[in-house]
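Visitor: Got a structure for you, questions after.
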Amino acid sequence: MLPEEVRRRARAAREAAQRLVKRSNELAHRADVLMREAEAAIAVLRDTLRKSAAQDLDTLRLTVRLRLADGRLPHEHIPPTISGGPGDGSTCAACDEIVRHGDLMMKVPSLARRALPASGAETVALHADCFQLWNQERRSLPSS
């Protein structure tokens, strides 16, 4: 090869390498911008979910209070120990959702107005979280 040909190819290789480095830097900068945008979007989504969960909890709390007031959830004469176990497909008396087999279900016996004729007592099924909320709300209400 002639020296001029070697210099020309070396110059072309150097220019190609410079273009590739420049393009690599542009792509790295773009990736950084996209990561920051994604992090901002995730923060907004988390904030929205947090607010939604708080609203859902407030709605559930109000529902539990209303059901305590109208007798659909027991308020008094609750035994000191409550049994719990895996969900059996019953409907939660607080949130009206199905208590799935993978969920913990609390069974609250009560002497409610809607008592079963044969036993004189009714068992109310609650999700574990709904049970906690129900227990807090019933304790905060005055006895009748």
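Visitor: Note down the magnitude of the dipole of the chain about its Cα centre, charges +1 on Lys and Arg C-beta and -1 on Asp and Glu C-beta and zero elsewhere, to the nearest 20 debye. Present the calculation step by step, with values, prior to reporting the outcome.
Guide: Working: 23 positive and 19 negative charges, 168 e Å.
Taking the Cα centre of the chain as origin, the dipole is about 800 debye.
Visitor: How would you order 24-36, 55-67, 97-109, 125-137 from highest to lowest mean count of nearby Cβ atoms within 10 Å?
Guide: On the way: 24-36: 10.0, 55-67: 14.2, 97-109: 15.9, 125-137: 19.2.
Those peptides, ordered most packed to least, come out 125-137, 97-109, 55-67, 24-36.
Visitor: Evaluate the Debye formula for the chain with equal point scatterers sitting on the alpha carbons, no solvent, and hand back log10 of I(q)/I(0) at q = 0.13, 0.16, 0.19 Å⁻¹, in q order, two decimals.
Guide: So the normalised log intensities are -0.72, -0.90, -1.11.
Visitor: Can you give the relative contact order of the chain as a percent, counting alpha carbon pairs under 8 Å and 6+ residues apart? Don't skip to the answer; put the middle values down first.
Guide: Working: 139 pairs, mean separation 25.5, N = 144.
Contact order relative to length: 18 percent.
Visitor: Per the Kirkwood formula on distinct C-alpha pairs, the Rh of the range 35-101 is how many angstrom?
Guide: Working: mean 1/r = 0.0664 Å⁻¹.
This gives a value of 15.1 Å.
Visitor: Let me ask something else. Under a 10 Å cutoff between Cα atoms, tell me which one of Arg19, Arg72, Arg46 has the largest fluctuation in the Gaussian network model of the chain.
Guide: Maximum among the listed residues: Arg19.
Visitor: Which Cα, out of Gln55, Val6, Cys92, lies furthest along the positive dipole direction of the chain (beta carbon charges, K/R +1, D/E -1)?
Guide: Selected residue: Val6.
Visitor: Nearest 10 degrees, 0 to 90: what angle lies between the long axis of helix 3-70 and the longest principal axis of the chain (Cα atoms)?
Guide: Once rounded, one gets 10 degrees.
Computed from the coordinates by the stated procedures, all read-outs in this text should not be read as laboratory data. Keep in mind the model is a prediction, meaning the values are calculated, not measured. Note that each Cβ is placed from the backbone with ideal geometry, even for glycine, and that neighbours are counted across all protein chains shown.
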